[in-house]
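Where a number appears in this text, it was derived from the coordinates with a stated rule and is not lab data. Source: prediction; values computed, not measured. Because the Cβ atoms are built from the backbone with ideal geometry, glycine has one as well, and the counts that use them run over all protein chains shown.
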Amino acid sequence: MSVAGQSPKGLKAIATLEAFKGILSLVVGFALHELGGKEIQHLCEALLQHLHLNPASEIPSVIMHSVNEINDKNLTLVALGSVLYASIRLVEAFGLWRGYAWTEWFALASGAVYLPFEIYAVATEGKLLPVIALVVNLVVVGYMSIVIAQRRKEKRAIS
């Protein structure tokens, strides 16, 4: 089912993006869970040494303090959270791929909910990654708004 006047390629592209986010979430969550707290600490220490960062300076010390707080219970919660997040993203991806109207609304809402946080990040940090995230999210929200409006217009024309 596709929306007349709209390319299903747009919905499929967004579905692919959502599927990628879901799979990435699973990989990261399970990788963290499998590594365990001590392994993550060793990896972080090795990374800081490799990057020639002083562990006593501000950012590396904050990172190491956070890593030292990781335990198996926290990692299990992270893994469970990643499974939940991935499930939502993969269901959304499937629905968008198939052109289900409810997933179009879901994609619009789930994209729009992040916009204030992304705008804040761009305004306060001014880094490239938040700018990219904001632009991608604005494209998704804008496209989904057009798809939904078109679907509603077609529905009114039929009835």
The chain: relative contact order as a whole-number percent, Cα under 8 Å and 6+ apart: 33 percent
Approximate spin-label separation Phe117-His50, in nm, with each point projected 7 Å along Cα-to-Cβ: 2.8 nm
Longest to shortest principal axis, alpha-carbon extents of segment 75-146, angstrom: 40, 36, 15
Radius 13 Å from Cβ of Glu118, net charge of other residues (Lys, Arg +1; Asp, Glu -1): 0
Computed E for His65/Arg152 - FRET, C-beta separation, R0 41 angstrom, nearest 0.05: 0.20
For q = 0.10, 0.12, 0.13 Å⁻¹, Debye-computed log10 I/I(0) when each Cα of segment 9-159 counts as one equal scatterer: -0.51, -0.69, -0.78
Charge sum, other residues only, whose C-beta stays under 15 Å from Leu32's C-beta, Lys/Arg counted +1 and Asp/Glu -1: -2
Proximal aspartates and glutamates to Lys127, defined as alpha-carbon separation beneath 12 angstrom and excluding residues fewer than eight positions away on the same chain: Glu118
Inter-probe distance in nm under a simple model that places probes 7 Å from Cα toward Cβ, at Glu58 and Asp72: 3.7 nm
Hydrodynamic radius by Kirkwood, which averages 1/r over all alpha carbon pairs of segment 1-96, in angstrom: 15.7 Å
Cα-projected label distance for Leu129 with Glu39, points at 7 Å along beta-carbon direction, nm: 2.2 nm
